[in-house]
Amino acid sequence: RRAEARALAAEDCRTADGVRIEVFANLGDAAEAAPAVAGGAEGCGLLRTEFLFLERQSAPTEDEQLAQYQAIADALDGRPLVVRTLDAGGDKPLPYLPMPQEENPALGLRGVRTGLHRPDLLLTQLRAICRVRSKGTVAVMLPMIASAAEIRQVRALLDIAASETGTSAPLLGVMIETPAAAVTADLLAPHIDFVSIGTNDLTQYALAMDRQNAHLAAQLDGLHSAVLRLIAQTAAGAAGTRWVGVCGGLASDPVAAPILIGLGVTELSAAPSMVAEIKAVARAVTLEDCRDLAAQALSLDSAEAVRALAEDRLAALL
Ligand code: PEP
Ligand code: MG
């Protein structure tokens with residue numbers, strides 16, 4: 001089976017009944033891009049751009065950023081590239097980005113809020129993304145969105161970036177990682193081209209459990225019914241956008257993948273090492289299997305029960 005998965009890794013992913021599921025990779029720097037493609041990634045569903053900004057004394061220039069994004073786009077060779085804008089905040093301090101001391105960094109100036117606090121930094125990044133040349137789709141994705149107003153503010157900056165660089169604006173999407181965004185996905189959808197659910201933060205904020213807290217790690221499971229219901233609501237609200245994706249840890253979990261597909265997710269962006277396995281799972285199931293499993297999962301009251309059910313189903317299919 002492993003050999004078979006490797007052989008099929010390069011091919012597009014469809015469920016057993018022919019539903020297209022795009023399986024992308026999460027990337028953290030340019031060096032990861034070519035190996036991810038070799039491992040079967042059909043694109044990059046989340047480029048974490050923090051690597052460009054950390055461990056330096058000044059912000060990366062537009063040209064420095066462009067060089068890195070272009071290298072990744074080139075390695076992807078026309079496959080989609082989704083660039084997430086800087087997701088820095090109180091927990092990831094940057095010397096050139098002085099931030100107020102915060103008692104609750106996870107609830108403070110982070111994600112898109114940092115970008116709107118320092119629009120000069122955000123505009124530079126948006127200009128660099130606008131200048132990437134690719135045969136395929138290049139898209140901007142905003143972290144930690146909580147309301148449509150934030151999207152409108154970034155959209156205005158993106159229009160400026162595109163006109164200043166003489167380019168057309170790339171696709172614009174948002175991460176769904178606050179419960180606010182999940183339950184209002186239908187209100188956000190008209191402003192954007194796609195969504196991608198960040199299940200790491202969505203789980204943290206839905207359960208009010210710090211994702212860094214070792215004592216809570218066992219309970220921080222994205223298969224918790226509350227998180228599954230938020231995912232279902234997101235998928236229903238954002239259906240019809242270009243991608244209803246997941247880029248959090250749940251997308252790298254073979255047990256979770258059929259449930260996500262059953263809830264309406266059409267794109268999974270996984271850790272590069274998990275892409276081939278996620279594709280193999282998606283190919284083994286039908287949409288009907290997935291919908292049936294998802295419906296049952298939504299009625300269970302613990303992540304353990306959901307996991308046990310999904311493991312049983314998967315064992316029977318694989
Ligand atoms: C997430 O929160 O699920 C996510 C993908 O973003 P990060 O892990 O970078 O916060
Ligand atoms: Mg996140």
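No value in this document is a laboratory result; all are computed from the given coordinates. Keep in mind the model is a prediction, meaning the values are calculated, not measured. When we count neighbours, we look across all protein chains shown, and the Cβ atoms used for this are built from the backbone with ideal geometry, even at glycine.
Using 0.36 nm per residue, how much length does the chain from TYR96 to ILE160 gain when fully extended, once their Cα-Cα distance is taken away?
Values: separation 64, 0.36 × 64 = 23.04 nm, distance 2.38 nm.
Gain on extension, TYR96 to ILE160, equals 20.7 nm.
Ranked highest first by average number of other Cβ atoms within 10 Å, how do 40-51, 304-315, 286-297 line up?
On the way: 40-51: 24.0, 304-315: 16.3, 286-297: 18.3.
For the peptides 40-51, 304-315, 286-297, the packing ranking is 40-51, 286-297, 304-315.
So what is the 222 nm mean residue ellipticity for the chain from helices alone, if each DSSP H run of at least 4 adds -39500 (n - 2.57) and you divide by all residues, rounding to the nearest 500 deg cm²/dmol? Write out the running numbers ahead of the final one.
Numbers: 15 runs with 143 residues, N = 318.
So the calculated ellipticity at 222 nm is -13000 deg cm²/dmol.
Between SER168 and ASP63, how many nm apart are label points set 7 Å from Cα along the C-beta direction?
2.9 nm
For segment 182-221 and segment 117-157, what is the separation of their C-alpha centers, rounded to whole Å?
20 Å
Using the basic label-point model (7 angstrom from Cα toward the beta carbon), what is the GLU50 to GLN296 distance in nanometres?
About 3.7 nm separates the two model spin labels.
Cβ neighbours within 10 Å, averaged per peptide: list 199-206, 252-259 in order, most packed at the top.
252-259, 199-206
With just the Cα atoms defining each centre, how far is segment 252-318 from segment 10-33? Give it in Å.
The distance from the Cα centre of segment 252-318 to that of segment 10-33 comes to 15 Å.
Classify segment 93-190: rounded, prolate or oblate, from the alpha-carbon gyration tensor (a ≥ b ≥ c, eigenvalue square roots; a/c under 1.5 rounded; otherwise prolate if a/b is larger than b/c)?
Oblate is the answer for segment 93-190, as a/c is 1.5 or above yet b/c matches or exceeds a/b.
Any idea what the relative contact order of the chain is, in percent, if you count C-alpha pairs under 8 Å spaced at least 6 apart? Don't skip to the end; give the middle numbers.
Working: 647 pairs, mean separation 60.5, N = 318.
Relative CO of the chain lands at 19 percent.
Where in segment 177-202 does the amide nitrogen come within less than 20 Å of the point 7 Å from the Cα of ALA217, taken along Cα to Cβ?
Inside the label zone: 199-202.
Pull up the DSSP beta bridges for the chain and report the antiparallel fraction as a percent, rounded to 5.
Just about 10 percent of them are antiparallel.
Take the Cα of ALA34, step 7 Å along the line toward its Cβ, and report every residue of segment 44-84 whose backbone nitrogen sits under 14 Å from that point.
Of the residues in segment 44-84, 71-77 have backbone N under 14 Å from the label point off ALA34.
Need the full-extension length gain, ASN104 to GLU311, defined as separation in residues times 0.36 nm minus the C-alpha distance. One decimal, nm. If you can, show how the numbers build up before the last one.
Values: separation 207, 0.36 × 207 = 74.52 nm, distance 3.66 nm.
Computed gain between ASN104 and GLU311 is 70.9 nm.
What order do you get for LYS279, LYS92 when you list them from fewest to most C-beta neighbours inside 10 Å?
LYS92, LYS279
Just to confirm the number: angle between the C-alpha axis of helix 225-238 and the first principal axis of the chain, 0 to 90 degrees, nearest 10?
Roughly 70 degrees, rounded to the nearest 10.
Once you charge only the Cβ atoms, +1 for Lys and Arg and -1 for Asp and Glu, what is the size of the charge dipole of segment 187-318 about its Cα centre, to the nearest 20 debye?
Its charge dipole is roughly 240 debye.
How big is the charge dipole of the chain about its Cα centre, in debye rounded to the nearest 20, if each Lys and Arg gets +1 on its Cβ and each Asp and Glu gets -1 on its Cβ?
Charge dipole, the chain, about its Cα centre: 420 debye, nearest 20.
With a cut-off of 8 Å between alpha carbons and a minimum separation of six or more residues, what is the relative contact order of segment 204-294 in percent?
24 percent
Relative to the longest principal Cα axis of the chain, at what angle does helix 119-130 sit, 0 to 90 degrees, rounded to 10?
Tilt relative to the chain: about 70 degrees.
What size of dipole, in debye to the nearest 20, comes out for segment 50-204 about its Cα centre when the only charges are +1 on Lys and Arg C-beta atoms and -1 on Asp and Glu C-beta atoms?
So the magnitude is around 280 debye.
Compute the acute angle (0 to 90°) between the alpha-carbon long axis of helix 287-298 and the principal axis of greatest extent of the alpha-carbon atoms of the chain; round to the nearest 10°.
80 degrees
If each residue of separation counts as 0.36 nm, what is the full-extension length gain between VAL19 and ARG133 once their alpha-carbon separation is subtracted?
38.1 nm
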